[in-house]
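Undergrad: I'd like to ask some things about the structure below.
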Amino acid sequence: MLNHPTNTSVPPDTFAPPLSDFPSPLTTPNAQQARAWNGYEGEHWAGHQERWDAVNGGFNEPLLDAAAIGRDERVLDIGCGAGATTRLAARRAAGGHALGVDLSAPMLARARAGAAREGLANVAFEQADAQVHAFPPDGFDVAVSRFGVMFFADPVAAFGNIGRALRPGGRLAFVCGAEAGDSEWFRALAALRPYLPMDDFGASGDGYSPGMFSFADPGRVRAVLSAAGFAEVAVAPAVAYGVWGRDAADAAAFLLGSGPGRHLLARASAGDRARARAALTEALRRHEDGGALRMRATAWLVTAVRPAAAAH
Ligand SMILES: C[S@@+](CC[C@H](N)C(=O)[O-])C[C@H]1O[C@@H](n2cnc3c(N)ncnc32)[C@H](O)[C@@H]1O
């Protein structure tokens with residue numbers, strides 16, 4: 001779940017390839033995110049889709065159960081990435097359909113390939129900024145997201161837009177990063193501190209800037225969703241164990257190869273990079289468990305409803 005631990009850890013533009021595959025990326029209000037998720041970060045997630053799903057898959061059932069998707073319902077998956085939750089949602093809505101939206105062209109390519117491989121006919125994917133995309137009004141019964149809603153430049157506007165895409169009485173359910181220090185993967189990264197410039201890691205400026213932990217404060221989640229017109233907002237803790245690799249060395253390589261990991265390594269000497277890798281591997285060893293590296297992660301499971309008499 002090492003996805004932009006802080007807003008400042010978004011890989012800089014130098015890591016991003018040309019953006020020719022993303023239509024008008026600079027006109028989106030989330031242009032920095034669009035660059036990152038169409039650049040190194042998005043390529044890493046797309047290239048390691050199975051690994052990221054093994055890391056975050058423990059949240060699938062709690063999320064989809066909380067969404068209470070009915071057989072004939074229309075589901076919107078926000079920041080769907082490579083589409084694992086969209087495909088699972090489409091299976092639950094066998095008589096309806098699921099649409100996944102995401103900024104990232106490489107991740108959406110994976111999502112489409114996965115749906116084709118699984119022979120799912122009731123799922124589609126669209127490259128869009130969920131904050132401003134012109135969704136069909138009242139077009140969905142339920143919106144879900146697995147760690148795809150913490151990156152909006154203007155969360156109230158974004159959730160307002162998502163709310164208008166829901167029919168009156170429609171539901172919202174998502175998981176977002178909770179307090180960083182409660183997750184074992186984040187605590188393990190402290191081993192890097194002597195060797196890498198970790199000062200801003202995991203503590204985004206005001207704590208509310210777009211990033212993995214921008215909704216770590218449940219009070220803020222409630223305030224944002226209420227301001228966006230949602231009601232019955234509930235924030236519950238969710239815990240899952242993710243598989244980060246075969247063993248400590250494999251997981252360390254994965255973590256350090258991710259966008260934020262690479263960003264940190266790029267700012268260290270070759271010697272410190274090697275020392276950092278060794279220290280992280282050592283710190284991860286205690287999580288080795290029968291041929292897998294398992295770590296506990298915490299999240300908030302958030303649910304809300306667009307009021308039946310919504311006045312957006
Ligand atoms: C941490 S990844 C999670 C991806 C996927 N939901 C999963 O669980 O594997 C965050 C995703 O949110 C997407 N995202 C960020 N901001 C977005 C926006 N404004 N509109 C649509 N997608 C966005 C990113 O492109 C990225 O795919």
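Undergrad: For the peptides 274-282, 294-302, what is the packing order when you average, over each peptide's residues, the other Cβ atoms within 10 Å and list the highest mean first?
TA: Most protected by this proxy first, the peptides run 294-302, 274-282.
Undergrad: Taking the Cβ of ALA115 as the centre, find all other residues whose Cβ is under 12 Å away and add up their charges (Lys, Arg: +1; Asp, Glu: -1).
TA: +3
Undergrad: Between GLU126 and GLU282, what length comes free when the chain is fully extended (0.36 nm per residue of separation minus the Cα-Cα distance, one decimal in nm)?
TA: 52.0 nm is the gain from fully extending GLU126 to GLU282.
Undergrad: Expected output is a single nm value to one decimal: the length gained when fully extending between VAL156 and HIS48, i.e. 0.36 nm times separation in residues minus the C-alpha distance. What is it?
TA: Once the chain is fully extended between VAL156 and HIS48, it gains 35.7 nm.
Undergrad: Sticking with this one: Just the number, please: carbon plus sulfur as a percent of the accessible area of the chain, 1.4 Å probe, no ligands or DNA/RNA counted.
TA: Percent of accessible area from carbon and sulfur atoms in the chain: 53.
Undergrad: Which is farthest toward the positive dipole end of the stretch 184-312 among PRO237, LEU189, ALA292, measuring Cα position about the Cα centre, with Cβ charges +1 (Lys, Arg) and -1 (Asp, Glu)?
TA: Sorting the options by dipole projection puts first ALA292.
Undergrad: To the nearest 20 debye, what is the magnitude of the charge dipole of the chain about its Cα centre, counting +1 on the Cβ of each Lys and Arg and -1 on the Cβ of each Asp and Glu?
TA: Computed charge dipole of the chain: roughly 280 debye.
Undergrad: Let me know the volume per residue of the alpha-carbon convex hull for the stretch 56-132, in Å³.
TA: 83 Å³
Undergrad: Now a separate question. Taking Cα atoms, how many degrees apart are the long axis of helix 248-257 and the longest axis of the chain, rounded to 10 and kept between 0 and 90?
TA: 70 degrees
Undergrad: May I ask you to give the solvent-accessible area per residue for the stretch 132-221, in square angstrom, as obtained with a 1.4 angstrom probe?
TA: The answer is 33 Å² per residue.
Undergrad: Okay, moving on. Rounded, prolate or oblate, given the Cα gyration tensor of the stretch 263-312, with a/c below 1.5 counting as rounded?
TA: Oblate shape, in that a/c is at least 1.5 and b/c is the bigger or equal ratio.
The values are calculated or read from the model by the stated rules, or taken from the named source; none is laboratory data. On a predicted model such as this, the values are computed, not experimentally measured, just so you know. Note that each Cβ is placed from the backbone with ideal geometry, even for glycine, and that neighbours are counted across all protein chains shown. Each accessible area value is taken on the protein alone, full model and side chains, heavy atoms only, with ligands, DNA and RNA left out. Shrake-Rupley method; radii C 1.70, N 1.55, O 1.52, S 1.80 Å.
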